[in-house]
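Encoded as C-alpha cells, the structure appears first; notes follow it.
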Amino acid sequence: MIRTLIVDDDFRVAGVHAAFVTEVPGFAVAGIAHTAAEARARVRELSPDLVLLDVYLPDEPGLSVLPDLQTDTIVLSAATDTRSIGAAIRAGALNYLIKPFTTRQLSERLTSYARYRGLLDNDRPLTQDDVDRAYRALHDQDRTAAPKGQSSATSRLVSEQLRNSPVPLSAAEIAGELGMARATAQRYLTALAESGAVEMRLRYGATGRPEHEYLWAG
C-alpha cells in the first residue's frame, strides 16, 4: 500500500481528499495535517510514501515546507499563479493539481504515480529507456482537465465567481452573473460540490421549497 499524508488547512476538505484517496486501489491514508508544523511532524512520525500538499497553510506557505519533507509530493491547491506553480516544480513536486478537481482527476494522478513508483522500485541499474518510461507514466493521464461533457474554462469561471463572493450563491444567481443557463450552472456547481471545492447549503425563503446555495470552501 502507498501510505499517503494529506496536508490541507480546511478540516472538511482534508476529509474529502482522504475519502478520495481511500477509493484508489493500492493507496491508504497514513494521516492528515492542517499546518506546516504538523506536516513536518507527521512526515517524521509516519514516514509516508506520498504527501498531498496544499499551498495555503495558516502558519507557513506549503511551498516553503515542500523542500523539507524529502518525500514524494503532489501539490493540490487553488493557487494558479505561475510563481507558485514554478516554485512547486523547482522544489520537487511530482505533479500539481489545481482545485477544484474531481475524484477521477485525483485518481488518475495517483494511479500514474503508483505506476511511476513501480517502475523505479527495483535495485537493478536503470537504462535511459527505463527513466523515460517512468517519467511518461507519471504524467500519462494528466490530459484530463474536466469531467466528461464539461469545460475546464467554464468550471474556472464558476469557481472564481464563488471564490470572490462574500456570500453563498445559488445556481440561478451564478447563471445570471455569468450569462449561462441555470441548468448549466447547476451541473458545474454539483461537480464542484462533489469534489469538495464548494459547500452546498439550503437557503430557506419565506415561502416555497428551500433552494440550494453554494459557498467556496477550496
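Does T111 satisfy being within 15 Å of the chain's Cα centre (by Cα), of a type outside the set (A, V, I, L, M, F, W, C) and closer than 23 Å to A137 by Cβ?
Answer is yes for this residue.
Consider L53 carefully, then state whether it is within 18 Å of V24 (Cα to Cα) and modelled with pLDDT of 90 or more.
On the way: within 18 Å of V24 (Cα to Cα): yes; modelled with pLDDT of 90 or more: yes.
Judged against the criteria, L53 is a match.
Between a first residue in the range 129-158 that is over 15 Å from A114 (Cα atoms) and open to solvent by less than 50 Å² (accessible area, probe 1.4 Å) and a second residue that is of a type in the set (V, I, T) and modelled with pLDDT of 80 or more, which pairs have beta carbons less than 8 Å apart while being 6 or more apart in sequence or on different chains?
Note: pairs meeting the criteria are T154/T184; V158/I174.
Within the range 46-70, which residues are of a type in the set (G, A, S), assigned to a helix (DSSP H, G or I) and either open to solvent by 40 Å² or more (accessible area, probe 1.4 Å) or on the phi > 0 side of the Ramachandran plot (or both)? Quick ask: steps written out before the conclusion?
From the range 46-70, those of a type in the set (G, A, S) are 47, 62, 64; that's our starting set.
Now narrow it down to the ones that are assigned to a helix (DSSP H, G or I): 62, 64.
Correct list: S64 only.
State the number of residues belonging to the range 119-128 that are part of a helix (DSSP H, G or I) and modelled with pLDDT under 85.
2
Can you find even one residue in the range 89-101 that is assigned to a helix (DSSP H, G or I), open to solvent by 50 Å² or more (accessible area, probe 1.4 Å) and free of Cβ contacts under 8 Å to residues at least 24 places away in the same chain?
We begin by selecting, within the range 89-101, every residue assigned to a helix (DSSP H, G or I); these are 89-90.
Applying the additional criterion that residues be open to solvent by 50 Å² or more (accessible area, probe 1.4 Å) yields 89-90.
With the extra rule that they be free of Cβ contacts under 8 Å to residues at least 24 places away in the same chain, the set shrinks to 89-90.
Yes, that holds for at least one residue.
Which residues, counting only those in the range 18-45, are of a type outside the set (K, R), in a helix (DSSP H, G or I) and either open to solvent by 40 Å² or more (accessible area, probe 1.4 Å) or more than 17 Å from M1 (Cα to Cα) (or both)? If you could, list the steps in order and put the result at the bottom.
Here is the first cut: in the range 18-45, the ones of a type outside the set (K, R) are 18-39, 41, 43, 45.
Next, only the ones that are in a helix (DSSP H, G or I) stay: 18-22, 36-39, 41, 43, 45.
Once the filter is applied, which keeps residues that are of a type outside the set (K, R), in a helix (DSSP H, G or I) and either open to solvent by 40 Å² or more (accessible area, probe 1.4 Å) or more than 17 Å from M1 (Cα to Cα) (or both), the range 18-45 yields A19, T22, A36, A37, E38, A39, A41, E45.
The values are calculated or read from the model by the stated rules, or taken from the named source; none is laboratory data. Just so it is clear, the model here is predicted, and its values are computed rather than measured. Note that we place each Cβ from the backbone using ideal geometry, even for glycine, and neighbour counts take in every protein chain shown. SASA here: full protein model, heavy atoms, side chains in, ligands and nucleic acids out. Shrake-Rupley method; radii C 1.70, N 1.55, O 1.52, S 1.80 Å.
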